[in-house]
Amino acid sequence: MRVTALAGGTGAAKLLRGLAAVLDPSALSIVVNTGDDAEVWGLHVSPDLDSVMYALAGVLDSGRGWGRADETFRCLSAMATYGAPTWFGLGDRDLATHLVRTRGLRDGHSLSTITAGLCRALGVTPRVLPMSDDAVRTTIRTPDGRLGFQEYFVRDKCQVEVIGVDYDGAERARPAPGVLDAIRGADRVVVCPSNPVTSVGPILAVSGIAEALRSTRARVIGVSPIVAGAAVSGPAGALMRARRLPVSPVGVAHAYAPWLSTLLVAREDAGCAAELAALGVTTVPTDVMMPDAAREIALARAVLELA
């Protein structure tokens, strides 16, 4: 079975570990959000790409949900001494990833080529594809101006009012090599339990990707990141409200209409089935929480067993 996943954020990393455990890893392709990418200390940082790579390599810091496990922060401390901003906490070994990526980009290599090389070095077998080799940046509009996503999410800890979300550069961006083929050639497309607005939304904003999802013969299966009216983690609720989407599985389905066919939801959200059916989406109530490896694998099996 060939599976293509759309991914971004902590929930995606967990489900992807489960999928890689129950699939032939070479049959798994992952299209990853790069709208969160940022420049830190002159380095190109791709937070979602890194979280996916580290999770599949078994080196992700599971407590924080980002960065490498058993990390040290001596460079961060030294940068503070020199007066550099330290609100984006890069770890010492994590720096190596950003150094290699930045050097590769400056040498004229594409982000997808560099990502493939990083995956090989980390022993990651599934194919990890950035959504685009072109720059797309998620920008948060607030009453006081525009913020880069990392400024909103990390520096300001999501404590500002959101009045809108933009995907700067998406109108000019093209899918990275292999992205459209991975969607069109899949037997299953899985939308991970990621923020619909700032993790999956930037992927869909890249020209051609939403059309590929509409035209693929694969069944498109999503996992809701919303449980009982609240996001499992992160600011998805506030960002969905800013987009005038209900903070519920119904809002998730609206974000993915009209190509979503099935949505796995928490059992306490089974009452959404009629509203989802009106959108053409089949509801599958199940346990969507993934606190450990066993539950990651169980949810992955639940996704793949939908025939």
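Nothing in this text is a laboratory measurement; each read-out follows from the coordinates by a stated rule. Only a predicted model underlies this, so the values are computations on that prediction, with no experimental measurement involved. Reconstructed Cβ throughout: ideal geometry from the backbone, glycine too, with neighbour counts over all protein chains shown.
Note down, for the chain, the three equivalent ellipsoid semi-axes (square root of 5 times each alpha carbon gyration tensor eigenvalue), biggest first, whole angstrom.
On the way: eigenvalues 168, 97, 72 Å².
Semi-axes, largest first: 29, 22, 19 Å.
Distance between the 7 Å Cα→Cβ label points at R103 and L279: 4.6 nm. Among the trypsin sites (Lys or Arg not before Pro) within the stretch 203-257, those in coil by DSSP and having at most 14 neighbouring Cβ atoms inside 10 Å are R217, R244.
Cβ-Cβ distance of R74 and R295, R₀ of 22 Å, FRET efficiency by 1/(1 + (r/R0)^6): the value works out to about 0.05. Residues whose amide H comes within less than 5 Å of that of T142, counting only those at least five positions distant or on another chain, are L147, I163 (H built at 1.01 Å from N in the peptide plane). Working from label points 7 Å from Cα in the Cα-to-Cβ sense, the S261 to R214 distance is 1.7 nm. A straight chain from D181 to T125 at 0.36 nm per residue would run longer than the Cα-Cα distance by 18.4 nm.
In the chain, the DSSP-assigned H stretches of four residues or longer account for a calculated mean residue ellipticity at 222 nm of -10000 deg cm²/dmol, using -39500 (n - 2.57) per stretch and the full residue count as denominator.
Taking amide H as placed 1.01 Å from N in the peptide plane, the amide H of V288 sits under 5 Å from that of R267, each at least 5 places away or on another chain. Separation between the S110 and R172 pseudo-spin-labels, each 7 Å from Cα along Cα→Cβ, expressed in nm? A separation of 1.8 nm, rounded to one decimal place. Distance from the C-alpha centroid of the stretch 41-61 to that of the stretch 113-143: 9 Å, rounded to the whole angstrom. The residue list P285, L304, L147 was ranked by how far each Cα lies along the charge dipole of the chain toward its positive end, using unit charges on Cβ atoms, and L304 comes out on top.
Derived scalar couplings between HN and Hα for the stretch 167-182 equal 10, 5, x, 5, 5, 9, 6, 10, x, 5, x, x, 5, 5, 5, 5 Hz in order, rounded to whole Hz, by the Karplus curve 6.51 cos²θ - 1.76 cosθ + 1.60 (θ = phi - 60°), x for Gly and Pro.
For a Förster distance of 41 Å, can you work out the FRET efficiency between the beta-carbons of W41 and L306, rounded to the nearest 0.05? So, using R0 = 41 Å, E works out to roughly 0.40.
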